[in-house]
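Student: There's a structure below that I have some questions on.
The values are calculated or read from the model by the stated rules, or taken from the named source; none is laboratory data. Computed from a prediction, not measured in an experiment: that's the story for all the values here. Don't worry about glycine lacking a Cβ; one is built from the backbone with ideal geometry, like all the others, and counts go over all protein chains shown.
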Amino acid sequence: MKELKRKREELIQNLINQGYLKTPRIIATFRKIPRELFVSEKYKKYAYADEPLPIASGQTISAPHMNAMCTELLKPKKTDKILEVGAGSGYQIALLSVLAKEVITIELDKELVDFSQKNLKKAGIKNVRVIHGDGSKGYPKEQPYDKIIVTCACKKIPKTLIEQLRIGGIIIAPVGETLQILTLGLKTKTGLKKEYHGGCVFVPLRH
Ligand code: SAH
């Protein structure tokens, strides 16, 4: 336990030194959420390696520097309503649950719906709604969202998701096929203003 805490702090220091973590309240959130609760028992000892790890159904929990990048780019505010596509382990949405007001995640795979819910419960997080469904269609019931994060690779940012974002809202998604570009879109009255934040590798969005 003590050893994991030491490794967590070491990882956080590295992410700060490498420029991935910048904002004090985001850094504090990385300290608060134990990543080891979001991986299976046999991977616990690797919970603070800066690498993706396997979860169920051939999916992965992203590398921590990717969580750091995405969280910094989203600029989560305490008043935000955020939608995530792809709950996976639940770790990314756990981070956002501390930084925003309302957070919803949609997961296609039932096994991972259960896995993420179980992990969130272990971490004592109560304000995340995990929905079983196809996230490429978003979750229209709760629109508009201030921020949307897609954590699986898509060929282009799904139009339905852009429609569910408020004007001034931010969407981030890995866009591409085998290798993707982490793309940030700012929704303006005249369309989506895009910024590109380097290469990344996420598992593909499934239908
Ligand atoms: N955010 C996760 C990592 C996600 S891995 C974490 O922090 O651990 C990508 C996830 O997207 C997988 O769990 C996969 O099942 C899910 N996924 C793929 N296609 C999807 C879709 N159309 N709708 C919802 N979830 C989807």
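Student: Kindly establish whether residue 38 is surrounded by 13 or more Cβ atoms within 10 Å (Cβ to Cβ), aromatic (Phe, Trp, Tyr) and touching a Leu at 6+ places or on another chain (Cβ under 8 Å).
Tutor: Details: surrounded by 13 or more Cβ atoms within 10 Å (Cβ to Cβ): yes; aromatic (Phe, Trp, Tyr): yes; touching a Leu at 6+ places or on another chain (Cβ under 8 Å): no.
So residue 38 fails the test.
Student: Quick check, is residue 155 over 24 Å from residue 58 (Cβ atoms) and surrounded by fewer than 19 Cβ atoms within 10 Å (Cβ to Cβ)? If you could, list the steps in order and put the result at the bottom.
Tutor: Working: over 24 Å from residue 58 (Cβ atoms): no; surrounded by fewer than 19 Cβ atoms within 10 Å (Cβ to Cβ): yes.
No: the conditions fail for residue 155.
Student: Another question, then. Just give me the residues in the range 1-49 being part of a loop (DSSP other than H, G, I, E, B), of a type in the set (A, V, I, L, M, F, W, C) and either modelled with pLDDT of 95 or more or closer than 24 Å to residue 152 by Cβ (or both), in sequence order. Steps first, please.
Tutor: Going residue by residue through the range 1-49, those that are part of a loop (DSSP other than H, G, I, E, B) are 1, 18-23, 33-34, 39-40, 47-49.
Next, only the ones that are of a type in the set (A, V, I, L, M, F, W, C) stay: 1, 21, 33, 39, 47, 49.
Residues satisfying the conditions are 21, 33, 39, 47, 49.
Student: Among the residues of the range 138-176, write down those that are assigned to a strand (DSSP E or B) and touching a Ser or Thr at 6+ places or on another chain (Cβ under 8 Å). First the steps, then the outcome.
Tutor: We begin by selecting, within the range 138-176, every residue assigned to a strand (DSSP E or B); these are 145-150, 153-154, 165-176.
Residues satisfying the conditions are 146, 154, 167, 168, 172, 173, 174, 175.
Student: For the range 50-106, give me each residue that is part of a loop (DSSP other than H, G, I, E, B) and small (Gly, Ala, Ser). So that I can check it myself, show each step before the final result.
Tutor: Residues of the range 50-106 that are part of a loop (DSSP other than H, G, I, E, B), as a first pass: 50-52, 55, 59, 62-63, 75-80, 86-90, 100-101.
Result: 62, 63, 86, 87, 88, 89, 90, 100.
Student: Can we say residue 124 is small (Gly, Ala, Ser), assigned to a loop (DSSP other than H, G, I, E, B) and under 22 Å from residue 52 (Cα atoms)? Outline the logic, then answer.
Tutor: Values: small (Gly, Ala, Ser): yes; assigned to a loop (DSSP other than H, G, I, E, B): yes; under 22 Å from residue 52 (Cα atoms): no.
Here the answer is no, as residue 124 does not meet what is asked.
Student: Of all residues in the range 99-115, which are over 15 Å from the mean Cα position of the chain (by Cα) and within 15 Å of residue 125 (Cα to Cα)?
Tutor: 101, 114, 115
Student: Look through 178, 183 and report the one residue that is among the polar types (S, T, N, Q), within 20 Å of residue 57 (Cβ to Cβ) and out of contact with any helix residue (DSSP H, G or I) (no Cβ under 8 Å at 6 or more places or on another chain).
Tutor: On the way: 183 fails: within 20 Å of residue 57 (Cβ to Cβ).
After ruling out the rest, the residue left standing is 178.
Student: Report, by residue number, each residue of the range 64-117 that is under 13 Å from residue 145 (Cα atoms), near the ligand (Cβ under 8 Å from one of its atoms) and free of Cβ contacts under 8 Å to residues at least 60 places away in the same chain. Reasoning before the result, please.
Tutor: Start the filter on the range 64-117 by keeping residues that are under 13 Å from residue 145 (Cα atoms), which leaves 74, 76-77, 79-85, 100-105.
The next check asks that each one be near the ligand (Cβ under 8 Å from one of its atoms); those that pass are 84-85, 105.
Passing the criteria: only 105.
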